[in-house]
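Note sheet for the following structure.
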Amino acid sequence: MPNATFNTVEGQQIQREMLLILLNVSTYASPTWAALGSTVTESSASYDWGEETSQDILGVTRTTLKKPTVTQDFDGVRLYEGDPAYEQIWVQGIQNQDPAALSNLDLLVIHLYAGVSATPFAERYPSSAIHPNSIGGDGGGFIEMPFSATYGGVRETGTVAKDPETGAYTFTRDSE
C-alpha cells in the first residue's frame, strides 16, 4: 500500500465533510454506493486495538496491540423517501429483522483529504455489520433511526474516483 499524504492546503484544517462513509446497496461485484450520514450532525469511528499490557518477572512492561475493531455510531438519522442506504437498513433491520443480512454489508470509507485529490485513499470493508439501535422520535417531529456500524471482513485499501456526470463512486483496489 503506498503512503497516502494529505492533499489539502498546508496549515489548513481539514473539514469533516472530507471523510465519507458509503454503503453498497447492490452487489460486491457491481457496487452502487450510497452515502451514510445524511441528517447526522456528528459521527466518529472508534478504534479498539485490543490493548494488552503485562509486566514480566524482571519488571519490564510490554504492551501489545491487535488489528483494531472499528465501530461508528450514527445518531440523528431521520428517515426520508429516496435514501437507498437508510431504506436498506430499515428493511433489513426493522421490517425483516434479518441479522444475517445486517451482518454482511459492504462499507467504503473515503478519505477525500488523503492521496491524490482526484483519486483519494479509500478503505473497503466487505463484511460489515450495521444495526438499528432504535426507531421513533419526539411527538410532532420526525422519525429517527440511529444505528451503529462495525467495519468487518478483510480490509481492502485503494483509491476512489467519482464520475463527474453521475456522481457515482468507483473503488479501485490496491494491487498486492
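The values are calculated or read from the model by the stated rules, or taken from the named source; none is laboratory data. Keep in mind the model is a prediction, meaning the values are calculated, not measured. No Cβ is skipped: glycine too gets one built from the backbone with ideal geometry, and neighbour counts run over all protein chains shown.
A few remarks follow.
- Condition broken by TRP90, with the remaining ones in (1) of a type in the set (Phe, Trp, Tyr); (2) under 21 Å from SER128 (Cα atoms); (3) surrounded by 13 or more Cβ atoms within 10 Å (Cβ to Cβ); (4) in contact (Cβ under 8 Å) with a residue 60 or more places away in the chain satisfied: (4)
- Given (1) assigned to a loop (DSSP other than H, G, I, E, B); (2) farther than 20 Å from ALA45 by Cα, index of the condition LYS66 fails: (2)
- The number of residues in segment 18-42 being within 26 Å of THR166 (Cβ to Cβ) and either among the small types (Gly, Ala, Ser) or free of Cβ contacts under 8 Å to residues at least 60 places away in the same chain (or both) comes to 10.
- Residue satisfying all of: in segment 31-61; modelled with pLDDT under 95 and out of contact with any strand residue (DSSP E or B) (no Cβ under 9 Å at 6 or more places or on another chain); surrounded by the fewest Cβ atoms within 10 Å (Cβ to Cβ) among these: THR41
- Residue satisfying condition, being more than 27 Å from ASP174 (Cα to Cα), at pLDDT 95 or above and part of a strand (DSSP E or B), within set ASP73, ASP106: ASP73
- Some residue of segment 108-130 being under 17 Å from VAL25 (Cβ atoms), surrounded by fewer than 19 Cβ atoms within 10 Å (Cβ to Cβ) and touching a His at 6+ places or on another chain (Cβ under 9 Å): no
- In segment 29-70, the residues that are in contact with a Pro (Cβ under 6 Å, 6 or more places away or on another chain) and hydroxyl-bearing (Ser, Thr, Tyr): TYR47
- Qualifying residue in segment 131-145 (condition: crowded, with 17+ Cβ neighbours inside 10 Å, under 23 Å from TYR47 (Cβ atoms) and touching a residue at least 60 places away in the same chain (Cβ under 8 Å)): no
- Number of positions in segment 76-85 that are outside any strand (DSSP E or B), surrounded by 13 or more Cβ atoms within 10 Å (Cβ to Cβ) and at negative phi: 5
- Lone qualifier among GLN92, GLN88 - being touching an Asp or Glu at 6+ places or on another chain (Cβ under 7 Å) and either modelled with pLDDT under 95 or outside any loop (DSSP other than H, G, I, E, B) (or both): GLN92
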